[in-house]
Amino acid sequence: MAEVYYVGVDVGTNSVRAALVTREGVLKSTAEEHISIWQPQCDHYVQSSTEIWEKCCTAKVIQGVQTSQVRGVGFDATCSLVVLDQSFQPVPVGHDGDKQRNVVMWMDHRAAEQATRITKTGHKVLSRVGGVMSPEMQPPKLLWLKENLKESCWNKAAHFFDLPDFLSWKATGSLTRSLCTLVCKWTYCPPDGWDASFWTSIGLEDLLENNFSKIGSATCSPGSPLGGGLTQEAAAELGLDPGTAVGASLIDAHAGGLGVIGADVKGFNLPCEDQPITSRMAMICGTSTCHMAISEQPLFVPGVWGPCLSAMVPGLWLNEGGQSATGRLIDHIVNGHAAYVQLQEQAQQRSNIYSYLNSHLSVMANSCSAVDLLGSSLHMWPDFHGNRSPLADPTLKGMVIGLSLSQTLDDLALLYLVTIQALALGTLHILEAMKEAGHDIRTLFLCGGLSKNSLFVQIHANATGLPVVLPDQMEAVLIGAAVLGACASQDYSTIQEAMEKMARVGKVIFLNN
């Protein structure tokens, strides 16, 4: 019998990545395409859904494989807002009126004031988002568009999609939304659905028209097959067969969760072995970091999003903590330092400047007991882009205490170290809030770009006191996207079954005493 495959497509902040994945969760091939980001003014970040789809189509991964061997496709993406008109054409989301710039990115904070107003309503739906509406969610962004671009955008808009749902619509023509996006970012709450009183209370009562058709009338769980699979047009663009199964999509962080959290951990001496999956927390560490914990019953955690039913694993409740800037913060600190040019020169023979910094810190620590102690006189508050959780305050700013006039490479290395330490302590803060609310988290499962940084991983183990599991296939988000295609093809009967078969442990990091 010929090998079968699934295609996973991940649209991150800066790029589209695709992978061809086997039934056992092995990446056979990958491809990556850059996507544009525009920042027309402070706190505004926009993209083009047209460009994003084009890059999904050019990220080819099926060379050498018969298209008939590809059984399913899954998409994940950032929780950005896509705006289309009645004819499904782009509608501009900026004052410049550029129609191709029709995506309000997840990290766009233009709607901070609208988010504050929504929080002040005290509406009951806010209990599902930690009591505080974030400007990174869709209701405040929608309200901003209505209040600031009524003529050029709001009055012309007929379809508001979360980016993951836009991709599955482009692939299948189905307007069915994933519960992942609607529950996590739009205040949808199954089994009751939309709360009309919420939208009316914040001044968006026009979204109630035609059974909420502009934001989603039909929903399904992640991985559910959509429509008749790939349409003729989408199949031609993607280079696959028409009718190939397409699973309902996920937000990118949630796909990362599927790619790691369900792995079989037998034989690794982990505290979560022989414990329910609820004893695990997935951390998806990239530009930002998302902390995903699941529970059998709804748990309300102040300042943490959720509980959201079937948002990641169908039938289980999800709480999502997060840090708005992690990889982005590290890059900002390192790239902006006066010694960065020297660092580039020193690391020119290295493939990664962070590997060089990690080695440099080890050399600096030769006279000390541990790298961790090097930063004992330098301290950082890492909320340079606000605090997503558990403080849920997007207005917070970052700070560094203990700086001197010196700007050597050693100083840069120390600043890099304390940035990672501050982020790890932020994770500990989130963990403590979740545990206080009833979560029993015993093991961390990391994936994403920062999980490839050995110092980042070790410091998280040290700061939290919990073992850290790294996946066998480091591109766990792509594995999670492929899981959706595998479920849609019905090769696996449930998300849980697919996770257990396709996600595997690669390495375990314990506390460095």
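The values are calculated or read from the model by the stated rules, or taken from the named source; none is laboratory data. Everything numeric here is computed off the predicted structure, so don't read it as measured data. Don't worry about glycine lacking a Cβ; one is built from the backbone with ideal geometry, like all the others, and counts go over all protein chains shown. For the accessible areas, the whole protein counts, side chains as well, though only heavy atoms, and no ligand, DNA or RNA atoms are used. Shrake-Rupley method; radii C 1.70, N 1.55, O 1.52, S 1.80 Å.
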Between K507 and T67, what is the label-point separation in nm under the 7 Å Cα-to-beta-carbon projection? 3.9
DSSP loop (so not H, G, I, E, B), at most 15 other Cβ within 10 Å: list which chymotrypsin sites (Phe, Trp or Tyr not before Pro) in the range 28-88 pass both filters. F88
If you count only protein heavy atoms and use a 1.4 Å probe, how large is the accessible surface of H385, to the nearest 10 Å²? 30
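Within the chain, what percent of beta bridges assigned by DSSP are antiparallel, to the nearest 5?
65
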Residue separation times 0.36 nm, minus the C-alpha to C-alpha distance between N335 and R442: what's the value? 35.0 nm
Using mean Cβ contacts within 10 Å as the protection proxy, how do 263-269, 66-72 order, highest first? 66-72, 263-269
How far apart, in nanometres, would the label points at N211 and E233 be if each is projected 7 angstrom from Cα along the Cα-to-Cβ direction? 2.4
Round to the nearest 0.05 the FRET efficiency obtained for A218 and Q39 when R0 = 41 Å and r is the Cβ-Cβ distance. 0.75
Among T30, P276, L373 the positive-end extreme of the charge dipole of the chain (Cβ point charges): L373
Starting from the Cα-Cα distance between K397 and D410, subtract it from 0.36 nm times their residue separation and give me the gain in nm to one decimal. 2.2 nm
Extended-chain gain in nm, criterion 0.36 nm per residue less alpha-carbon gap, E3 and F88: 26.9 nm
Would you work out the relative contact order for the chain, in percent, from Cα pairs under 8 angstrom that are 6 or more residues apart? 18
For Q323, the net charge from surrounding residues (Cβ-Cβ under 13 Å; K, R +1; D, E -1) works out to -2
FRET efficiency for S377 and V26 from the Cβ-Cβ distance with R0 = 60 Å, rounded to 0.05, comes out at 0.80
Once whole DSSP H runs in the chain are found, which of them have Cα atoms spread over 27 Å or more along the helix axis and a mean Kyte-Doolittle score of at least 1.0? 409-436
Out of (i) 25.6; (ii) 24.8; (iii) 23.1, which label holds the value of Kirkwood radius over Cα pairs in Å that was computed here? (iii)
Mean accessible area per residue over the chain (1.4 angstrom probe, all protein chains present, square angstrom) is 38
Taking the alpha-carbon centroid of each part, what is the distance from the range 470-513 to the range 110-159 in angstrom? 34
With a 1.4 Å probe and every protein chain kept in, tell me what percent of the accessible surface of the chain is carbon plus sulfur. 49
For the chain, what is the charge dipole size about the Cα centre, in debye to the nearest 20, if Lys and Arg each add +1 at the Cβ and Asp and Glu each add -1 at the Cβ? 140
Could you tell me which of the pairs K120/K141; K60/K170; K120/K397; K28/K60; K99/K170 are separated by over 20 angstrom between their Cα atoms in the structure shown? K120/K397
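Less than 13 Å Cβ to Cβ from S451, Lys/Arg counted +1 and Asp/Glu -1: what total charge do the surrounding residues give?
Net charge around S451: 0.
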So, by mean Cβ neighbours within 10 angstrom, what's the order for 227-234, 279-286 with the highest one leading? 279-286, 227-234
